[in-house]
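Each remark here refers to the structure printed beneath this line.
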Amino acid sequence: MSQPRFLADENVPLEAVRGLQADGYDVVPVLSVCPGAPDEEVLALGTAQQRVVITFDRDFGELVFRRRLPTPPGIVFLRIHAKSPEYIHSHLVRLLAAGPALVGRFTVTTEARIRSVPLPPSTSAR
């Protein structure tokens with residue numbers, strides 16, 4: 001299976017995104033394509049480009065589970081202490097190396113664990 005492509009929300013530091021890109025991951029920062037976009041627009045962009053969204057914003061759960069907005073292939077919600085861009089980069093590298101399925105999932109990652117639930121079937125992009 002091929003590696004998913006990613007869309008990094010504005011709250012993910014550009015230095016962390018550049019680190020992932022240097023590691024060979026296909027990551028597009030929202031800052032470079034639609035700075036200031038509301039969360040709904042970020043979801044729409046992730047869906048249109050078939051990219052897993054990486055974010056620190058807990059509102060994405062509300063948007064896909066309660067409001068049932070169309071979703072991108074997956075969402076990674078970072079619930080970590082953003083100590084530095086390097087720390088965020090290393091956390092994401094560990095997450096991606098652990099290999100949990102991200103496509104079709106809402107994944108919540110903390111320093112201690114990874115939790116993942118399926119995205120609502122009626123709104124998941126296929």
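G24: small (G, A, S) and farther than 18 Å from G104 by Cα, yes or no? Judged against the criteria, G24 is a match. Please state which of the following conditions I54 fails to meet, knowing it meets all the rest: (1) in contact (Cβ under 8 Å) with a residue 24 or more places away in the chain; (2) crowded, with 17+ Cβ neighbours inside 10 Å; (3) over 10 Å from the mean Cα position of the chain (by Cα). Only one criterion is unmet by I54, namely (3). Scanning the range 114-126 for residues being surrounded by fewer than 16 Cβ atoms within 10 Å (Cβ to Cβ) and assigned to a loop (DSSP other than H, G, I, E, B) gives a total of 4. Filter the range 64-84 for residues that are modelled with pLDDT under 95 and not in a loop (DSSP other than H, G, I, E, B) and give the result. If the condition is that a residue be modelled with pLDDT under 95 and not in a loop (DSSP other than H, G, I, E, B), then V64, F65, R66 are the ones that fit.
Hey, can you tell me all the residues within the range 85-102 that are in a loop (DSSP other than H, G, I, E, B), among the aliphatic types (A, V, I, L, M) and surrounded by fewer than 19 Cβ atoms within 10 Å (Cβ to Cβ)? Spell out the reasoning first.
To start, the set of residues in the range 85-102 that are in a loop (DSSP other than H, G, I, E, B) comprises 99-102.
Pick out the ones that are also among the aliphatic types (A, V, I, L, M) and you get 101-102.
Correct list: A101 only.
With respect to E111, determine if the residue is surrounded by 12 or more Cβ atoms within 10 Å (Cβ to Cβ), acidic (D, E) and either without any contact (Cβ under 8 Å) to a residue 60 or more places away in the chain or closer than 16 Å to F6 by Cβ (or both). So E111 does not fit the description; no.
Consider R105 carefully, then state whether it is surrounded by 19 or more Cβ atoms within 10 Å (Cβ to Cβ) and over 17 Å from R115 (Cα atoms). It is false that R105 is surrounded by 19 or more Cβ atoms within 10 Å (Cβ to Cβ) and over 17 Å from R115 (Cα atoms).
Kindly provide the set of residues from the range 1-51 that are free of Cβ contacts under 8 Å to residues at least 12 places away in the same chain and under 19 Å from A98 (Cα atoms), ordered by number. Result: M1, S2, Q21, A22, G24. For the range 12-51, name all the residues that are among the polar types (S, T, N, Q) and loosely packed, with under 14 Cβ neighbours inside 10 Å. Answer for the range 12-51, where residues must be among the polar types (S, T, N, Q) and loosely packed, with under 14 Cβ neighbours inside 10 Å: just S32. For V42, the criteria (1) over 22 Å from Q3 (Cβ atoms); (2) under 12 Å from the mean Cα position of the chain (by Cα); (3) part of a helix (DSSP H, G or I) hold in every case but one, which is (1).
The values are calculated or read from the model by the stated rules, or taken from the named source; none is laboratory data. Note that the structure is a prediction, hence the values are computed from the model and not measured. So basically every Cβ, Gly included, is an ideal-geometry build from the backbone, and we count neighbours across all protein chains shown.
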